[in-house]
Every structure is written in structure tokens, then in C-alpha cells.
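A.B. asks: I'd like to ask you about the structure that follows.
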Amino acid sequence: MVKKKVTSSDVAKRAGVSQATVSMVLNKKYNVSFSKEVIQKVEAAAEELGYELPKRRTQRGERREKLLVVISPNLTNPYYVMLLQGIESRATEQGFGIFVCNTQRDLKLEERYLKMISTLNAQGIIYMCNPGKCFLGQLKEMSERIPVVVINNQEKHLDVDAVELDNTKLGRLMGRHLLELGHQHVAYITPPLTARQKQRFRRVEGFLDEFRKAGYGDQVIVKEADEEFDRNVPGIDSEYRIGYDLTKELLRTEKDLTAIVGLNDMIAFGIMDALQDMKYKVPGDVSVMGCDNTLFSKVKKVSLTTIEHFVVHKGMDACDIIMKKISSRDWKYTEFEPVSIYHVEYEPQIVVRGTTSYAKTK
């Protein structure tokens, strides 16, 4: 007599759950969460009955590797390394590998990588910056085939999933902190404020808005690097050199500055070293502030006042959105494929450390 084959219905009956629950638990679907008790019941019932999952038929063109493509503008700034850390940690948990494309802010390189993606059989794409405007149409088309997430400054014309950052909020927090400490004559050091780099401009504008509201807008000096900076391949110390070199230029003519702000932590580190070399005390003579709360800002001898905007978490969120999109496409609750646009945004927080204090008095 032929032994009856155990089915998922038999497992469901033994475990006291639905057949759909058995399927999702044993196939490890991540779009629905179950309690540990339910998972244990289903797995125990399957083991007792000797149930085996049906082998998937190999289909022509089936993806063999679970791969995400991550596009980065550069990897010399710890900010992007932190984003990558968040993405990779979550991708690894879900059994995905990542393929990193470093565009070095070069549109030709970005175009080249976008052409390569179609040959990689990637299940998703994460942009760690705003894509070039000339590629928005291409990116939108790609998002209809595979999930695409952009970690960006808020862009209304970008109709894809996004983990967003309102850079004006960051700038306002920085400005407000210095104003509360009595600083009026300050400088802001930044890479080039070009049309392609709106996130830089918005961060500076947020800072300036706070000083304008306080009546000190004309006492803020914005010192930006030459546009050549964005045309060159970034070196490991490029942003640090911006902070260092422009601080020295500033202090040749501006003797009454009480604070200097860097667009990011790397620039702030350069500012601090330049001040030290010129025999200024931080924060006794000049306060210094950065943004991004990178690892080195926490070092005790540095102790940089900065802005926390949860960079690693944003990387994780970008990866989570990809996973949700993949799950919703794999598991059909209805005859139609769900369409959704995710937008995630964190509220930035100031991290006050040892490089800012009350403005010195004459």
C-alpha cells in the first residue's frame, strides 16, 4: 500500500493554523510577522509529519543570486560609509549581497553603471545620493521592473521610494545653537554650491535663515570651495583639505570670527586643525561645528559638536523598503500587483560636545 503524501493542509490541521500560515512560515516569507509560538507549532508539526516543501521548478532566466546594487557619489566621506554599513547589515540578514558603484560624482560614470545594472540581474537599486537629473526618466523606468530607493534631499520631482533628509532643518539647528551661545560674526565653509548639489545649498540656506531672523544675516560669511573640487576625482582627504585651506584663507582677513561651521564633519576636522596650527583655542577663541555625527567626531580628543540624523538607520530603512517591495511582488494577495511609494524621514538632533561654547567677548 502506497503511503499517502503529507501535504501543507495536514501540517495546518496538526498545528491548528491556516494553510496560508504554513506556507508563509515554512517558506520564510518576511512580509508578514508571526509569533514565536506559531512558528514553533508549524515547524514542529511539519517535522512530526515528515512534511517536505515542494521543490521549486527551475525556470528559464530564474535569478540565482540575491543581489542589490548600491550607487554612491564617493566613499571618502564617512557619511557614505555609514550609509553603506546600514544597507549591508540589513541586506546580509536577508541573504542578499551588494554591488557598490562609486560614481565619484561623474555623470559619465553614473551612466556607465546604470547600463551595467541590466546585466547584473539585481533585485533592487539603492542610490545613496540624488541621481543626476538627466537619468531621472531612466531611473523611473527601472523602478517599474525592480525596486529603486533613493536616499536624498527632499525632491518633489523624484517619483520613486525615498529615505529623505530635509537639509534646511539641519542648517537651522546649527544656526540656532550658535545664536543661543551669543555668536553673531560667523563663517560657514562648504564645498561648491552648484546646481547639482542642492543638498549643500539647502543646508547653508537653513543656517543663514536663522541668522537673518535674528538680524545678523549680513555677519555670516559663506566660504565655498572652487567648482574644480567637484570636477576632480575626490581624494581621501579632499573635504578635510577644504576645511583646512579655507579656514586659513578666512583668518587672514577675518579676525573677529567667533565660530566656524563645516558643512559636514570632515570639513569641520580640517577647520579644527587649521585653527590649532594658527594658535587659536577651540572653543575658547573660536567655536567649531560639523554635521553627520560620524565616528571620529566622538573621539574624546576631538569631541566635535555636530548634528545626528541617523545615517546608519537610513541605510537600513532603504534596504527594508527594497525587501518589502520584493515580498509584495512575490506574494500575491490579489490578482493585481500592489503599487506604493514609501517616504521615510528622520528628525535631526543636535549633539553638543566640546567644540562649541559661548562667544568670546571683546
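A.B. asks: Which angle from 0 to 90°, rounded to the nearest 10, does the C-alpha axis of helix 36-49 make with the longest principal axis of the chain?
C.D. replies: Once rounded, one gets 30 degrees.
A.B. asks: For region 198-333, calculate the relative contact order in percent as a whole number, restricting contacts to Cα pairs under 8 Å that are 6 or more residues apart.
C.D. replies: This gives 16 percent for region 198-333.
A.B. asks: Continuing with the same structure: Roughly to the nearest percent, how much of the accessible area of the chain is carbon and sulfur, given a 1.4 Å probe?
C.D. replies: Solvent-exposed carbon and sulfur of the chain make up 50 percent of the total.
A.B. asks: Helix 107-120 versus the longest principal axis of the chain: what angle, 0 to 90°, nearest 10, using Cα atoms?
C.D. replies: For helix 107-120, the angle is close to 10 degrees.
A.B. asks: Moving on to the next point. Find the accessible area per residue for the chain; the probe is 1.4 Å, ligands and nucleic acids are left out, and the unit is Å².
C.D. replies: Result: 54 Å² per residue.
A.B. asks: Moving to a separate point now. Angle between the Cα long axis of helix 265-277 and the longest principal axis of the chain, 0 to 90 degrees, nearest 10?
C.D. replies: Helix 265-277 sits roughly 30 degrees off the main axis of the chain.
A.B. asks: Given springs between every Cα pair under 10 Å in a Gaussian network model of the chain, which of Lys133, Lys41, Lys169 has the largest fluctuation?
C.D. replies: Judging by the Gaussian network model, the answer is Lys41.
A.B. asks: Determine the gain in length on full extension of the stretch Phe135-Lys298; use 0.36 nm per residue of separation and subtract their C-alpha separation, reporting nm with one decimal.
C.D. replies: This chain segment gains 54.9 nm when fully extended.
A.B. asks: Which FRET efficiency value, to the nearest 0.05, do you get for Asp285 and Gln85 by plugging their Cβ-Cβ distance into 1/(1 + (r/R0)^6) with R0 = 41 Å? Walk me through the numbers before you get to the answer.
C.D. replies: Working: r = 36 Å, r/R0 = 0.87.
The computed FRET efficiency comes out at 0.70.
A.B. asks: Further, regarding this structure: Relative contact order of the chain, please, whole-number percent, based on alpha carbon pairs below 8 angstrom and at least 6 residues apart.
C.D. replies: Result for the chain is 18 percent.
A.B. asks: Add -39500 (n - 2.57) for each DSSP H run of 4 or more in the chain, then divide by its residues: what number comes out at 222 nm, to the nearest 500 deg cm²/dmol?
C.D. replies: -13000 deg cm²/dmol
A.B. asks: Once you've got the Cα coordinates, tell me which of Lys140/Lys325; Lys198/Lys314; Lys108/Lys223; Lys198/Lys298; Lys279/Lys360 are over 21 Å apart.
C.D. replies: Where the Cα-Cα span goes over 21 Å, the pairs concerned are Lys108/Lys223; Lys198/Lys298.
A.B. asks: If you put +1 on each Lys and Arg Cβ and -1 on each Asp and Glu Cβ, how big is the dipole of the chain around its Cα centre, in Debye rounded to 20?
C.D. replies: Result for the chain is approximately 1080 debye, rounded to the nearest 20.
A.B. asks: For the pair Ser328 and Lys108, how long in nm is the line joining their label points, each one 7 Å along Cα→Cβ?
C.D. replies: Label at Ser328, label at Lys108, 3.9 nm between them.
A.B. asks: Using 0.36 nm times the number of residues separating Lys13 and Lys115, minus their current alpha carbon distance, what extension gain do you get?
C.D. replies: Length difference between fully extended and current span is 31.7 nm.
A.B. asks: Would you be so kind as to identify which of Val22, Thr190, His177 lies farthest towards the positive end of the dipole of the chain, taking Lys and Arg as +1 and Asp and Glu as -1 on Cβ and the Cα centre as origin?
C.D. replies: Val22
A.B. asks: Right, another one. Between Leu53 and Gln349, what is the FRET efficiency for a Förster distance of 45 Å, r being their Cβ-Cβ separation, to the nearest 0.05?
C.D. replies: Details: r = 46 Å, r/R0 = 1.03.
The calculated FRET efficiency here is 0.45.
A.B. asks: Extending each Cα 7 Å along its Cβ direction at His313 and Met278, get the distance between those two points in nm, one decimal.
C.D. replies: 3.7 nm
A.B. asks: Indicate the gyration tensor shape class of region 190-306 (rounded, prolate or oblate), computed on the Cα atoms with a ≥ b ≥ c the square roots of the eigenvalues: a/c under 1.5 is rounded; otherwise a/b larger than b/c is prolate and the rest oblate. Intermediate values should be presented prior to the final figure.
C.D. replies: Numbers: a/c = 1.35, a/b = 1.04, b/c = 1.29.
Rounded, because the longest to shortest axis ratio a/c is under 1.5.
A.B. asks: Consider the candidate values (i) 20.1; (ii) 24.1; (iii) 23.1; state which one is mean projected area of the Cα convex hull in nm² computed from the structure displayed.
C.D. replies: (iii)
A.B. asks: What net charge do the residues around Glu48 carry, taking every other residue with its C-beta under 11 Å from that of Glu48, with Lys and Arg at +1 and Asp and Glu at -1?
C.D. replies: Counting the neighbours of Glu48, the net charge comes to -1.
A.B. asks: Next question, about the same structure. What full-extension length gain, to one decimal in nm, is calculated for Ala195 and Lys213 as 0.36 nm per residue of separation minus the Cα-Cα distance? Numbers along the way, then the final one.
C.D. replies: Details: separation 18, 0.36 × 18 = 6.48 nm, distance 2.54 nm.
Result for the pair: 3.9 nm of gain on full extension.
A.B. asks: Hey, another quick one. When the chain is treated as a GNM, springs tying every alpha-carbon pair under 10 Å, which of Val282, Val11, Val69 comes out with the largest mean-square fluctuation?
C.D. replies: Val11
A.B. asks: How high is the FRET efficiency between Glu249 and Asn27 when r is their beta carbon distance and R₀ equals 45 Å, given to the nearest 0.05?
C.D. replies: 0.15
A.B. asks: May I pose another question? Got a sec? Charge dipole of region 106-198, +1 on Cβ for Lys and Arg, -1 for Asp and Glu; which of Cys134, Pro147, Gly124 is way out at the positive end?
C.D. replies: Cys134
The values are calculated or read from the model by the stated rules, or taken from the named source; none is laboratory data. Given the structure is predicted, the values throughout are model-derived calculations rather than measurements. Note that each Cβ is placed from the backbone with ideal geometry, even for glycine, and that neighbours are counted across all protein chains shown. Accessible surface areas use protein heavy atoms only, side chains included; no ligands, DNA or RNA. Shrake-Rupley method; radii C 1.70, N 1.55, O 1.52, S 1.80 Å.
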